[in-house]
Amino acid sequence: MKKNLLEETSLALLKEGFMIKNVKGCFDLLARKEEKILLLKIIADANSLNSESIEEMKRIASCVSATPLVITEKSGSKLEDNIVYSRFGIFTINKNTLQNSLKQKLPFIKSGKAGLTTSLNGRKLRIEREEEGMSLKDLSRKIGVSKKMIINYENYSSDISLQKALKLYDIFGAEVFTPVDIFSEIEKILYLCTSDVGKKYQQLGFKAVETKRSAFDIIAKKEKDLILTTVGDNFNKEISLLSKLLDAESLIVFERKKPKAEIPRIKKEEFLELENEKELIRVIKEF
């Protein structure tokens with residue numbers, strides 16, 4: 001099931017002009033279209049998600065200004081089309097919802113602890129109501145809530161139940177709702193490195209994220225400089241392709257034996273002696 005879902009998701013992205021790369025690790029697909037970057041975890045059942053992998057994917061997404069998404073067909077029970085679910089703080093949707101969203105048909109309905117809800121745009125509700133010549137009292141009767149509640153709806157953008165949303169939809173259409181932007185970037189995550197190489201990156205002024213389930217060991221960013229780093233005497237060949245898709249540099253920090261690889265490399269003790277970012281960038285550019 002995962003293989004089919006991965007193929008269908010990849011095809012949908014390619015049709016919309018994304019460049020993609022299959023990845024082994026905390027996420028399964030890296031997709032990019034211009035400045036939009038997606039990290040996608042493809043899984044048959046969202047109930048099988050590993051929280052540590054998801055947290056790592058979130059940290060990487062935060063570092064590269066990407067959107068992490070979980071694409072699945074069920075979470076115990078089947079996921080419905082055009083409804084946004086959530087697992088470990090990441091939007092979780094089925095492939096049909098993804099396909100529609102890629103075509104700018106974003107979903108309006110969210111599933112959460114309060115059940116199915118949608119976000120109401122209070123300002124647009126007031127405008128639509130006034131254009132229809134409808135009083136607050138008239139609308140309150142049609143929706144089945146108090147006049148005071150309609151006033152609250154119009155003064156504050158809020159989530160409302162699907163039942164009330166459907167009544168408003170019948171009157172005003174979709175204009176009074178705010179779609180769920182599943183492609184929004186994740187909030188910036190503060191993260192402390194524990195390895196000496198990661199700490200050195202931070203000393204040099206980089207935001208650095210250490211990984212355990214990715215083709216690289218550290219991803220570091222400072223302003224426009226993005227570096228995927230492998231630490232040790234072995235490296236994953238995927239790092240070059242990932243770097244190309246992310247417009248990033250690649251670097252191997254080796255300990256004893258210099259790897260035979262056509263990417264920049266530096267001995268660990270030399271890396272730890274670097275005094276500033278410019279020295280590091282020079283090592284990479286002069287390779």
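Of note:
- Hits in segment 251-267 (condition: buried (at least 18 other Cβ atoms within 10 Å of the Cβ) and either in contact (Cβ under 8 Å) with a residue 24 or more places away in the chain or among the basic types (Lys, Arg) (or both)): Leu251, Val253, Ile263, Arg265
- Just so you know, in segment 65-83 the residues that are crowded, with 22+ Cβ neighbours inside 10 Å and touching a residue at least 40 places away in the same chain (Cβ under 8 Å) include one that is farthest from Met1 (Cα to Cα), and it is Ala66.
A quick yes/no check of all residues on (1) farther than 22 Å from Ile171 by Cβ; (2) in the same structural domain as Lys222 (by TED's automatic domain parsing); (3) in contact with a helix residue (DSSP H, G or I) (Cβ under 6 Å, 6 or more places away or on another chain):
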residue	(1), (2), (3)
Glu73	yes, no, no
Gly76	yes, no, yes
Ser86	yes, no, no
Lys95	yes, no, yes
Gln99	yes, no, yes
Gly122	no, no, yes
Lys137	no, no, yes
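- Lys244 being touching a residue at least 24 places away in the same chain (Cβ under 8 Å), of a type in the set (Lys, Arg) and surrounded by fewer than 18 Cβ atoms within 10 Å (Cβ to Cβ): no
- Whichever residue in segment 45-58 is farther than 15 Å from Val23 by Cβ and among the charged types (D, E, K, R) and, among such residues, is surrounded by the most Cβ atoms within 10 Å (Cβ to Cβ): Lys58
- In segment 1-106, counting only helices (runs of 4 or more DSSP H) that sit wholly within it, the ones holding 3 or more residues that are touching a Phe, Trp or Tyr at 6+ places or on another chain (Cβ under 7 Å) and either within 23 Å of Lys224 (Cα to Cα) or at pLDDT below 95 (or both) span 51-64.
The values are calculated or read from the model by the stated rules, or taken from the named source; none is laboratory data. Because the structure is a prediction, the values reported are computed rather than measured. Note that we place each Cβ from the backbone using ideal geometry, even for glycine, and neighbour counts take in every protein chain shown.
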